[in-house]
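Structure first, then comments.
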Amino acid sequence: MKKADREIQGGRLKRFRFALVASVVMVMLVLQACGNNAGTATNGAASAAGGANTAEATSTETPSNVPAVLNFGFIGSNKLNVPGGAEGWGLYKGIIQEELKKYGITEVKLTGFPNGPDQTESLISGRLDFGSLGDTPAIIAYASGAKTRLITQSMTNNIGYLIGKKDGPKTIKDLQGKAIAIQKGSFMHRYIVGLLQEEGVTDYKLVHMLTPDGTAALARGDIDAMTNTGIPALKQISEGYTHLDDASTHPTLLGSSVTVASEEYLAKFPDFPKVWNEAREKALADLKQHEDEYYQFLADIGNTTPELAKQVSPISDIKDTAFTEDGLKLLDGTKNFLVEEKLAKKDFNISNWQLQ
């Protein structure tokens, strides 16, 4: 091969080798870049996952097993299907539902009951998650072994009335040997037993009747007196029935309203008492800003006038905290009375029942 040809071929070989090396270098650079990008993406995903894990670890959200539906019981029956007080107002206006949504609760099912014992039966059987009722049936149920916990004492001056039939007894002592209609196991049951004990009346007959049945029986003269509360009691008095007594003059015989939750539900949602009470306090704050509307709301529930609703259930009666020292003292006195009278099966410490 001539020298010129060899130089041409050598130049071509050098250029080929250079091109080959350049190609390899480019491939390596591309692979390195891809590796770096993949590492960045992986690290980013890991960081995001780590962030999510951190958020999960430090979150105060409730456990995922909190049921979406919350079953709440209250005493009474009305066209709005809500109780009175801060709880009722909050549910009526949607304030409480809005707060509960933050914890995965999308529906609150409300059920009205004619009396406390019926409500506690539903609570014990699991048909309810929690409920608001009078202190006496709640205490009696707990003393009988009901697995409930006390989470709120919303009112502490529920007044029981003793109403006599027309042309019947004029004084409490006139009830000696007479028949009195009560709602067995209610706070009015505790009121009448304590009242008759104070007055020295020992011979009497207590007949269990729901308020509508007792009202009809009193009108017929089948019973001599009955216990009642609130607007229905004032209505009877205005119709000429005898106002024999009421608990406003017997501070130790006043009733209180309590809210209790089942231990089964609390196992699913341990923070529920705190969540409920905070929602209730928000509802109360709103209620106080709309007093006239609130009393109209009570009038609609009770089928009465706002003026009478204000007289029977003033806003000042509603407690703005879950518990007060005076309220717990009243509750303890009620419990002691029920144990002494063997209306409650066993004694217990209120503090062991109460959730702070």
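The values are calculated or read from the model by the stated rules, or taken from the named source; none is laboratory data. If you're wondering where the values come from, they're calculated on a predicted model, not measured in any experiment. Cβ placement follows ideal geometry from the backbone for every residue including glycine, while neighbour counts extend to all protein chains displayed. Each accessible area value is taken on the protein alone, full model and side chains, heavy atoms only, with ligands, DNA and RNA left out. Shrake-Rupley method; radii C 1.70, N 1.55, O 1.52, S 1.80 Å.
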>> Filter segment 313-355 down to the residues that are surrounded by fewer than 16 Cβ atoms within 10 Å (Cβ to Cβ), part of a loop (DSSP other than H, G, I, E, B) and either free of Cβ contacts under 8 Å to residues at least 60 places away in the same chain or of a type in the set (Gly, Ala, Ser) (or both) and list them by number.
In response: Pro314, Asp320, Thr321, Lys342, Asn349
>> So, in segment 200-228, exactly how many residues are closer than 21 Å to Gly84 by Cα, of a type in the set (Ser, Thr, Tyr) and at pLDDT 95 or above?
In response: 1
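Let's see how each residue does on (1) in contact with a helix residue (DSSP H, G or I) (Cβ under 8 Å, 6 or more places away or on another chain); (2) among the acidic types (Asp, Glu); (3) within 20 Å of Asp317 (Cβ to Cβ):
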site: Leu218; (1), (2), (3): yes, no, no
site: Ala225; (1), (2), (3): yes, no, no
site: Glu239; (1), (2), (3): no, yes, no
site: Ala247; (1), (2), (3): yes, no, yes
site: Thr259; (1), (2), (3): yes, no, yes
> How many residues are within 37 Å of the chain's Cα centre (by Cα) and not acidic (Asp, Glu) if we restrict to segment 193-203?
Replying inline: 5
> Can you pull out the residues in segment 194-244 that are farther than 20 Å from Gly134 by Cα and part of a loop (DSSP other than H, G, I, E, B)?
Replying inline: Gly200, Val201, Thr202, Asp203, Gly221, Asp222, Ile223, Asp224, Glu239, Gly240, Tyr241
> Which of the residues that make up segment 245-264 are part of a helix (DSSP H, G or I), open to solvent by less than 10 Å² (accessible area, probe 1.4 Å) and under 12 Å from Leu330 (Cα atoms)?
Replying inline: Leu253
> Can you pull out the residues in segment 92-115 that are in contact (Cβ under 8 Å) with a residue 60 or more places away in the chain, in contact with a Leu (Cβ under 8 Å, 6 or more places away or on another chain) and either closer than 18 Å to Gln153 by Cα or open to solvent by less than 10 Å² (accessible area, probe 1.4 Å) (or both)?
Replying inline: Leu100, Asn115
>> I'm trying to understand the selection: among the residues of segment 140-155, which are farther than 23 Å from Lys274 by Cβ and open to solvent by less than 10 Å² (accessible area, probe 1.4 Å)?
In response: Ala143
> Looking at segment 116-136, is at least one residue β-branched (Val, Ile, Thr), surrounded by 20 or more Cβ atoms within 10 Å (Cβ to Cβ) and more than 13 Å from Phe72 (Cα to Cα)?
Replying inline: yes
> From the set of residues in segment 165-210 that are open to solvent by 30 Å² or more (accessible area, probe 1.4 Å) and hydroxyl-bearing (Ser, Thr, Tyr), which is farthest from Gln119 (Cα to Cα)?
Replying inline: Thr171
> Would it be correct to say that Ala309 is small (Gly, Ala, Ser), over 30 Å from Ala146 (Cβ atoms), surrounded by 14 or more Cβ atoms within 10 Å (Cβ to Cβ) and in contact with a helix residue (DSSP H, G or I) (Cβ under 8 Å, 6 or more places away or on another chain)?
Replying inline: yes
